[in-house]
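Take a look at the structure set out below.
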Protein chains: 2
Amino acid sequence: MKIGICSALACKLDDSLKYIGVDHGVEILLKQGIKPVFAIGDFDSIENENVLSELDIERLPTRKDVTDTHAALEYALENGYDEVDIYGVTGGRLDHFLSVMCLLEKYADKKIRIIDQQNVIQLLLPGTHKVYQDEYKYFSLYALDDAYIDIDGAEYPLNQYFLQRQDPLCVSNQVSCEIATITNSKPILLVKSKDA
Amino acid sequence: MKIGICSALACKLDDSLKYIGVDHGVEILLKQGIKPVFAIGDFDSIENENVLSELDIERLPTRKDVTDTHAALEYALENGYDEVDIYGVTGGRLDHFLSVMCLLEKYADKKIRIIDQQNVIQLLLPGTHKVYQDEYKYFSLYALDDAYIDIDGAEYPLNQYFLQRQDPLCVSNQVSCEIATITNSKPILLVKSKDA
């Protein structure tokens, strides 16, 4: 079951999804005509508190051990959503972005994606994965721990390449025909990107 | 010896630094009245090729194993600069950003920082480090490998906390008096951030 999380820096959203609004993300959803199924946060960045009155909300304390987006993700997972697209956490404060990157690994068994106007980031568990030719011209792979990588059907194919975390070799690859195939021995990050 | 690298997405620069311009970053430097000491890239994103005529440049092929920013960093390190501030690699295509993040670990023995208008990211080698109270309200720590962390002089102190890579607990801390002290058993990332 799939849901979106809309955080403070979101721009273009997939309007076929249901959303949880996080802090100022609630106002972004409402401006795009989307009523969030749930709103969560300390709401310290909300412009007009009145928008919260007709919503199902959870108000978090300002001083807490998790970020508002993290709390929203936990709410989604606890409520049976195992596929979550997170919007509005890139750009701006990169401490928040890197915290969400931690969550991709923390909840590696769920399908979590970080999405913005130029990028989709997700974790690939060990195994074989397909990357389709689509609006994202480039795909890149990053190791979390050292991993063996195979890439087929791409501009830069690889055969049992030992990808270390400090090695950016697998940036800006492209699907050469319709589908590229990636096989990885350890969890890795897949980033699909397009130019502005 | 310190130098800056100015890549395509840079905004506000420290004008007391000398710079290497990367691709469209060359034009950003020139618009801010800074003549780069060197320009590097495939220059596929440059608006006016004429600006290159009076500069010391290295033209890279479009198809290559390293990004233009990576090549600029290698140039800086080979030319004796051991302290490098990298501007213009955040936002936009996050594949490029994550590739530069790899380089912090690849060249962990150098002082490399990724800087934008709201953030400074750097790697801290194992040891004890000071964080000063300054324009950056928040500091956050992220593990690369599991690390033991001590934090003193901060809003959220820690004593021998076992920080794992998937754990975003150390986000948004604040220096409580003038200086906070961090001690880490393994290399970690320090992110200093401020609100917009």
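Residues that are in the same structural domain as A:ALA8 (by the TED database), surrounded by 13 or more Cβ atoms within 10 Å (Cβ to Cβ), of a type in the set (Val, Ile, Thr) and within 24 Å of A:THR183 (Cβ to Cβ) do occur in region A:98-113. Picking from residues in region B:170-181 that are under 13 Å from B:LEU158 (Cα atoms) and in contact with a Lys or Arg (Cβ under 8 Å, 6 or more places away or on another chain), the one that is nearest to the other protein chains (Cβ to nearest Cβ) is B:GLN174. Here A:LYS192 fulfils each of the conditions (1) within 14 Å of chain B (Cβ to nearest Cβ); (2) more than 16 Å from B:ARG93 (Cβ to Cβ); (3) charged (D, E, K, R); (4) in a strand (DSSP E or B) apart from (2).
Restricting the search to region A:52-79, which residues are assigned to a loop (DSSP other than H, G, I, E, B), hydroxyl-bearing (Ser, Thr, Tyr) and closer than 23 Å to A:LYS31 by Cβ?
So in region A:52-79, the residues assigned to a loop (DSSP other than H, G, I, E, B) come out as A:53-56, A:60-67, A:79.
In the following step, the residues that additionally are hydroxyl-bearing (Ser, Thr, Tyr) were identified as A:53, A:62, A:67.
Of everything in region A:52-79, those that are assigned to a loop (DSSP other than H, G, I, E, B), hydroxyl-bearing (Ser, Thr, Tyr) and closer than 23 Å to A:LYS31 by Cβ turn out to be A:SER53, A:THR67.
Condition test on B:LEU73, is it aliphatic (A, V, I, L, M), surrounded by fewer than 24 Cβ atoms within 10 Å (Cβ to Cβ) and either over 21 Å from A:VAL191 (Cα atoms) or at pLDDT 95 or above (or both)? In short, no. If you go through region A:92-118 and keep only what is facing chain B (nearest Cβ under 7 Å), assigned to a loop (DSSP other than H, G, I, E, B) and not charged (D, E, K, R), you end up with A:GLY92, A:GLN118.
Yes or no: A:ASP167 in a loop (DSSP other than H, G, I, E, B), surrounded by fewer than 18 Cβ atoms within 10 Å (Cβ to Cβ), within 14 Å of chain B (Cβ to nearest Cβ) and among the charged types (D, E, K, R)? If you could, list the steps in order and put the result at the bottom.
Numbers: in a loop (DSSP other than H, G, I, E, B): yes; surrounded by fewer than 18 Cβ atoms within 10 Å (Cβ to Cβ): no; within 14 Å of chain B (Cβ to nearest Cβ): yes; among the charged types (D, E, K, R): yes.
It is false that A:ASP167 is in a loop (DSSP other than H, G, I, E, B), surrounded by fewer than 18 Cβ atoms within 10 Å (Cβ to Cβ), within 14 Å of chain B (Cβ to nearest Cβ) and among the charged types (D, E, K, R).
For A:ASN184, only one of the following conditions fails: (1) buried (at least 19 other Cβ atoms within 10 Å of the Cβ); (2) at the interface with chain B (Cβ under 9 Å from one of its Cβ atoms); (3) of a type outside the set (Val, Ile, Thr). What is its number? For A:ASN184, the failing item is (2).
Taking region A:119-146 as the range and being over 18 Å from B:MET101 (Cα atoms) and part of a loop (DSSP other than H, G, I, E, B) as the test, the residues that pass are A:LEU125, A:PRO126, A:GLN133, A:ASP134, A:GLU135, A:TYR136, A:LYS137.
The residue of region A:1-51 that is farthest from A:GLY92 (Cα to Cα), among those that are part of a strand (DSSP E or B) and β-branched (Val, Ile, Thr), is A:ILE3.
The values are calculated or read from the model by the stated rules, or taken from the named source; none is laboratory data. Computed from a predicted model, the values in this text were never measured in an experiment. Every residue, glycine among them, receives a Cβ derived from its backbone with ideal geometry; neighbour counts consider all protein chains shown.
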